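Notes for the one structure printed next.
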Amino acid sequence: MKPLQVDYEHFTNIKITVKKSAIEDYRLDIYLTKRFGEYSRNLIQRFIRDNLVLVNNRPAKPSYQLHHGDIILIKLPGLIKPQMVAEDIPLDIIYEDDDFIAINKPPGMVVHPAGGNWKHTLVNALLHHCGTLPMPYIPRGINPKNNDMPIYRPGIVHRLDKDTSGIILAAKNVQAHFNLAGQFERRKIEKEYLALVEKDIRFDSDVIEKPLGRHRVIYRKIAVRKKGEGREAVSHYEVIKRFNKFTFIKVMPRTGRTHQIRVHLASIGNPVVCDNTYGIRKELYLSDIIPETSEDDNKVILRRQALHASKLTFYHPKTNQKITLEAPLADDIKATLDIWFFTEKCG
């Protein structure tokens, strides 16, 4: 399959008046990457350097710091996207009817095709299983009347990170798509995650309420921001079990920001175990649980962030009946916990 290509024969002329209070990052390239999500930051920087982007009728650098009232004129090239293909990938189906399907997503699976991941995603698997998927959703912040570019994600109404396992919903028709996406948007859906975190977390239960926004230097990361700079983000957690140097918790996010749980837990000193972006280790070894483990017996028991989307409560998009669906804990996290329980029992 060919990669994403830029169509330099067809352009869309767009005018944006910057409202400083409405944005979190003031670099020109970051702001435009967030606003036009289908374009990578590298592409946006190329457009800026090619003078396809003017600020106040003048060329600007990607690092230009935007100010309230700045006028951005963009001559935005189109994109030639590869066709999404159906792939016969096994799915762990939790529930399915004519309106939606609930999948227990394994760790390591990307949810939808994008730059660098055009195959082997959940969407590719769903296209094979369902035949077709609706594509009506225009994310919040995208306004067709302003010529903003919509991001189409067939069937997908919410997301999980690649290395987060657990339950994810996909709509099978347009009506269900709008209904479920609306429930997420209006925070009508109750979400519960299970997480193994570093260290002994301070409280048995607590609410983390810290605004989040893009990291000012590393764009792929999210960071806690000052009040008024980031978007509202609220996470409630409860301790399930305390182990030596680790804690097993459940987390109920009240908002749905990118990387919210991972950043919130890291911000209080208890990052998710094996979180390669916000944590303190990439792999968990047997010796991290049983210190006396010999070098010959020592092995890696966990290689990805110990975060699992365990439960969703929502309303059926057609019948409006309240539904609660659960995804069994992923095998790798379960095996890790079993070692602790076995050690405690024998210890």
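Tabulated data
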read-out: In the stretch 181-200, residue farthest from the chain's Cα centre (by Cα) [restricted to those that are in a loop (DSSP other than H, G, I, E, B) and over 22 Å from Leu133 (Cβ atoms)]; value: Asp200
read-out: Residue match in the stretch 211-232 (condition: in the same structural domain as Ser310 (by TED's automatic domain parsing) and on the phi > 0 side of the Ramachandran plot); value: yes
read-out: Filter result for the condition that a residue is over 28 Å from Ile101 (Cα atoms), at pLDDT 95 or above and surrounded by fewer than 17 Cβ atoms within 10 Å (Cβ to Cβ), over Glu283, Glu344; value: Glu283
read-out: Those residues of the stretch 175-204 which are basic (Lys, Arg) and under 17 Å from Arg257 (Cα atoms), in sequence order; value: Arg186, Arg187, Lys188, Lys191
read-out: Filtered residue count, the stretch 230-254, keeping only those that are surrounded by fewer than 18 Cβ atoms within 10 Å (Cβ to Cβ) and small (Gly, Ala, Ser); value: 0
read-out: Any chance Phe178 is outside any loop (DSSP other than H, G, I, E, B), modelled with pLDDT under 90 and among the aromatic types (Phe, Trp, Tyr); value: yes
read-out: Verdict on Pro136 being modelled with pLDDT of 90 or more and not assigned by TED's automatic domain parsing to the domain that holds Phe36; value: no
read-out: Some residue of the stretch 197-204 being within 30 Å of Arg27 (Cα to Cα) and among the basic types (Lys, Arg); value: no
read-out: Subset of the stretch 201-222 (residues that are charged (D, E, K, R), surrounded by 14 or more Cβ atoms within 10 Å (Cβ to Cβ) and outside any strand (DSSP E or B)); value: Lys210, Arg216, Lys221
read-out: Criterion (under 27 Å from His120 (Cβ atoms) and β-branched (Val, Ile, Thr)) met by exactly one of Ile94, Ile71; value: Ile94
read-out: Test: His308 is at pLDDT 95 or above and within 23 Å of the chain's Cα centre (by Cα); value: yes
read-out: Count of the stretch 156-175 residues which are in a loop (DSSP other than H, G, I, E, B), surrounded by 20 or more Cβ atoms within 10 Å (Cβ to Cβ) and among the polar types (S, T, N, Q); value: 1
read-out: Of all residues making up the stretch 231-254, the number that are among the polar types (S, T, N, Q) and at pLDDT below 95; value: 1
read-out: Subset of the stretch 167-205 (residues that are in contact with an Asp or Glu (Cβ under 9 Å, 6 or more places away or on another chain) and without any contact (Cβ under 8 Å) to a residue 60 or more places away in the chain); value: Asp204, Ser205
read-out: Qualifying residues in the stretch 254-275 (those that are polar (S, T, N, Q) and without any contact (Cβ under 8 Å) to a residue 60 or more places away in the chain) - the one nearest to Arg214 (Cα to Cα); value: Thr258
read-out: The stretch 223-250, residues that are in a strand (DSSP E or B) and within 15 Å of Tyr278 (Cβ to Cβ); value: Ala223, Val224, Ser235
read-out: Wholly within the stretch 45-128, strands (runs of 3 or more DSSP E) carrying at least 1 residues that are among the small types (Gly, Ala, Ser), modelled with pLDDT of 95 or more and within 18 Å of Thr164 (Cβ to Cβ); value: 100-105
read-out: Scope the stretch 251-269; condition more than 10 Å from Ile222 (Cβ to Cβ) and assigned to a loop (DSSP other than H, G, I, E, B); matching residues; value: Arg254, Thr255, Gly256, Ile268, Gly269
read-out: Selection count, the stretch 232-266, where residues are farther than 22 Å from Leu196 by Cβ and more than 15 Å from the chain's Cα centre (by Cα); value: 1
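Let's see how each residue does on (1) more than 18 Å from Asp163 (Cβ to Cβ); (2) among the aromatic types (Phe, Trp, Tyr); (3) assigned by TED's automatic domain parsing to the domain that holds His215; (4) touching a Leu at 6+ places or on another chain (Cβ under 9 Å):
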{"site": "Arg262", "(1), (2), (3), (4)": "no, no, yes, yes"}
{"site": "Leu286", "(1), (2), (3), (4)": "yes, no, yes, no"}
{"site": "Arg304", "(1), (2), (3), (4)": "no, no, yes, no"}
{"site": "Thr313", "(1), (2), (3), (4)": "yes, no, yes, yes"}
{"site": "Gln321", "(1), (2), (3), (4)": "yes, no, yes, no"}
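Here is a yes/no grid of residues against (1) in the same structural domain as Tyr193 (by TED's automatic domain parsing); (2) in contact with a Cys (Cβ under 6 Å, 6 or more places away or on another chain); (3) surrounded by 20 or more Cβ atoms within 10 Å (Cβ to Cβ); (4) within 22 Å of Glu238 (Cα to Cα):
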| position | (1), (2), (3), (4) |
| --- | --- |
| Thr277 | yes, no, no, no |
| Ser294 | yes, no, no, no |
| Glu326 | yes, no, no, yes |
| Ile333 | yes, no, yes, yes |
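The values are calculated or read from the model by the stated rules, or taken from the named source; none is laboratory data. Treat the numbers as computed from the prediction; the structure is a model and nothing was measured. When we count neighbours, we look across all protein chains shown, and the Cβ atoms used for this are built from the backbone with ideal geometry, even at glycine.
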